[in-house]
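**Student:** Quick one: the structure is below, and I'll ask about it shortly.
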Amino acid sequence: MGIWRVTVNPEQLTERGSKSLPGHLGIRFTEVGEDYLRATMPVEPRTHQPFGVLHGGASVALAETLGSVAAMLCVEPQFMVLGQEINANHLRSLSSGIVTATARPYHLGARSHVWGIEIRDERERLVCISRLTMAVVERRPAA
């Protein structure tokens, strides 16, 4: 089980996001490793910027989706995670294909997580690197 507090498979994670932004962007979870989570996203018109290449915002959406879900899988049910900060360095442009993102934790603390997300093309070339900070907070009782 590694770092995970919840047992899930990639299909369940993909289905969970299918009706929200991840589904609209074609994000698919592909692997739950011992200490990493992996997903793919197509590089096509819906993820392009107006000049026909991968939109930086789509890369950031992939990174935040992956890191947020990974963080959520690392906390006990009485907690939730909320994004605090994300940054990204866009290193290579692409106009087609599939990118694969891998999220690994740098820090899993009681009150915050910091995740590193690498996005690579089909030739394993680095396209984007991102760092995501998540707050870990107690769930509030339902009103």
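**Student:** Scan segment 99-143 for residues that are more than 19 Å from residue 71 (Cβ to Cβ), more than 15 Å from the chain's Cα centre (by Cα) and at pLDDT 95 or above and jot them down.
**Tutor:** 121, 122, 123, 124, 125, 126
**Student:** Restricting to segment 85-97, name every residue that is assigned to a strand (DSSP E or B) and either touching a Gly at 6+ places or on another chain (Cβ under 9 Å) or of a type in the set (Phe, Trp, Tyr) (or both).
**Tutor:** Pass one, segment 85-97, residues assigned to a strand (DSSP E or B): 85-90, 97.
The answer is 86, 88, 90.
**Student:** Counting only residues that are of a type in the set (S, T, N, Q) and out of contact with any Leu (no Cβ under 8 Å at 6 or more places or on another chain), which one in segment 32-49 is surrounded by the fewest Cβ atoms within 10 Å (Cβ to Cβ)?
**Tutor:** 49
**Student:** Let me ask something additional. For segment 92-102, how many residues meet the condition of being of a type in the set (A, V, I, L, M, F, W, C) and either farther than 9 Å from residue 127 by Cα or surrounded by fewer than 14 Cβ atoms within 10 Å (Cβ to Cβ) (or both)? Outline the logic, then answer.
**Tutor:** Step one: filter segment 92-102 for residues of a type in the set (A, V, I, L, M, F, W, C), giving 94, 98-99, 101.
If we keep only those that are either farther than 9 Å from residue 127 by Cα or surrounded by fewer than 14 Cβ atoms within 10 Å (Cβ to Cβ) (or both) too, we end up with 98, 101.
Number satisfying all stated conditions: 2.
**Student:** Same structure again: In segment 103-143, which residue that is in contact with a helix residue (DSSP H, G or I) (Cβ under 8 Å, 6 or more places away or on another chain) and either closer than 21 Å to residue 25 by Cα or β-branched (Val, Ile, Thr) (or both) is surrounded by the fewest Cβ atoms within 10 Å (Cβ to Cβ)?
**Tutor:** The qualifying residue surrounded by the fewest Cβ atoms within 10 Å (Cβ to Cβ) is 136.
**Student:** Then there's this: Taking residue 29 and the conditions (1) exposed (fewer than 15 other Cβ atoms within 10 Å of the Cβ); (2) in contact with a Pro (Cβ under 9 Å, 6 or more places away or on another chain); (3) part of a strand (DSSP E or B); (4) not hydroxyl-bearing (Ser, Thr, Tyr), which numbered condition does it fall short on, given that it satisfies the others?
**Tutor:** So the condition that residue 29 fails would be (1).
**Student:** Name the pairs: first residue in segment 5-20 and among the aliphatic types (A, V, I, L, M), second residue part of a helix (DSSP H, G or I) and at pLDDT 95 or above, Cβ to Cβ under 8 Å, at least 6 apart or on different chains?
**Tutor:** Correct list of pairs: 6/72; 13/69.
**Student:** Restricting the search to segment 1-17, which residues are assigned to a loop (DSSP other than H, G, I, E, B) and exposed (fewer than 12 other Cβ atoms within 10 Å of the Cβ)?
**Tutor:** Scanning segment 1-17 gives 1, 2, 7, 9.
The values are calculated or read from the model by the stated rules, or taken from the named source; none is laboratory data. Note that the structure is predicted; figures quoted are calculated from it, not measured. Don't worry about glycine lacking a Cβ; one is built from the backbone with ideal geometry, like all the others, and counts go over all protein chains shown.
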